[in-house]
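Report on the following structure.
The values are calculated or read from the model by the stated rules, or taken from the named source; none is laboratory data. Source: prediction; values computed, not measured. Please note: Cβ atoms are built from the backbone with ideal geometry, for glycine as well, and neighbour counts cover all protein chains shown.
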């Protein structure tokens, strides 16, 4: 019914409906965003990890903080998975969650903000004070008429919203701040919006805050900022860029570097973000949300840097249907073929599209770059069967990457949504595999 209405109603009517629903939700819950300092995080990649790092640093500094993100939702110390299959849930849900944060004593709130959410006016009633830009690459373009510039501008709406209102909490005027990744060529666009303060960061190059002396360790990553040491327990050098906004924001609120470092160090798991699954197996299994060019590159680079000389990298990947960007499929096939030893192509969320065609788009590209079917390339549409194959192939010290869904709580095939969690399925299949190996002949 909802799909029929979307097609039948004129676009301006649909937009008016979204806007008015968001405004009504904010009114119904008493505009909770006006009672907290709200930090919006936007960009193509890294939003969830950045949001969790910000939460960890503020909590370590004594600020009770809430968070609404793709993988998880936090209200102070309480955490639960985002089961809505949307980074920004429905408008009434967002406002309800923020109202719960206020009631529980949260002074700060972090909201992952997407271009699709902005397009549907889910940001209305979220009074942003700090805007964080992570990066920008072509993604979700079909939803924005195939235009990268439209996609880019849609994210800019969050930064424009900073100066659209002024907020006073307990008699104190809240400053508006823009924090941008200067490593992105698009940082300048978002820094043009008005704000009381603008701060840039980068892992290399020029910026206000720069990470250096980067070292990958067995349990994470070490880096320094002007000789101040920090360490992450989340794997992957690429996550340093996701941690820098957290350090900047915590410093803005007077948290010292030692406490910030403690907050980062204590964050051991971000659901479905380079999350290691350990069930007694002799190889490494990582579940990650990676589902496009840069994120697939990042996880494969991390895996290849971790593995020993005789170890192999095995990746399970796929792509979404439902009108998502088809152009990324051959790119993903190429990356997997050239950077991994074994490739398994499987379902992610085909929606109403033909899952076989999605898989073939990736597999054919992988073949062009040297992979051979049923030797080091396998197409297994059923995701559980694909995961089972990846784990069964693994030998001691290999690294298995299960990508595409992270901690998502559902999978959509043929328009039907079913409960799903890669991490649970991996644990179940590991248990099955290990039980079989340990059974007497």
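Summary table
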quantity	calculated
Residue count for region 377-422, restricted to those that are under 21 Å from the mean Cα position of the chain (by Cα), in a loop (DSSP other than H, G, I, E, B) and over 23 Å from residue 354 (Cβ atoms)	4
Counted residues, region 308-334 - those being over 20 Å from the mean Cα position of the chain (by Cα) and surrounded by 24 or more Cβ atoms within 10 Å (Cβ to Cβ)	2
Test result for residue 240, in a loop (DSSP other than H, G, I, E, B), under 30 Å from residue 333 (Cα atoms) and assigned by TED's automatic domain parsing to the domain that holds residue 39	no
Failed item, numbered, when residue 74 is tested on (1) in contact (Cβ under 8 Å) with a residue 40 or more places away in the chain; (2) surrounded by 22 or more Cβ atoms within 10 Å (Cβ to Cβ); (3) touching a strand residue (DSSP E or B) at 6+ places or on another chain (Cβ under 9 Å)	(1)
Filter pass, residue 152 being surrounded by fewer than 14 Cβ atoms within 10 Å (Cβ to Cβ) and without any contact (Cβ under 8 Å) to a residue 40 or more places away in the chain	no
Residue in region 366-373 that is part of a loop (DSSP other than H, G, I, E, B) and within 26 Å of residue 235 (Cα to Cα) present	no
Residue list for region 336-347, restricted to those being surrounded by fewer than 24 Cβ atoms within 10 Å (Cβ to Cβ) and in contact with a strand residue (DSSP E or B) (Cβ under 9 Å, 6 or more places away or on another chain)	337, 339, 341, 342
Candidates 223, 230, 238, filtered to the one that is touching a helix residue (DSSP H, G or I) at 6+ places or on another chain (Cβ under 6 Å) and free of Cβ contacts under 8 Å to residues at least 24 places away in the same chain	223
Any hit, region 162-176, residues being within 21 Å of residue 246 (Cα to Cα), at pLDDT 90 or above, assigned to a loop (DSSP other than H, G, I, E, B) and in contact with a helix residue (DSSP H, G or I) (Cβ under 8 Å, 6 or more places away or on another chain)	yes
Elements of type strands (runs of 3 or more DSSP E) contained in region 39-130, each with 2 or more residues being in the same structural domain as residue 177 (by TED's automatic domain parsing) and under 22 Å from residue 186 (Cβ atoms)	108-112
Among the residues listed as 261, 327, 303, the single one being in the same structural domain as residue 432 (by TED's automatic domain parsing) and either at pLDDT below 95 or over 21 Å from residue 402 (Cα atoms) (or both)	327
In region 295-333, the residues that are under 20 Å from residue 356 (Cβ atoms) and part of a helix (DSSP H, G or I)	328, 329, 330, 331, 332, 333
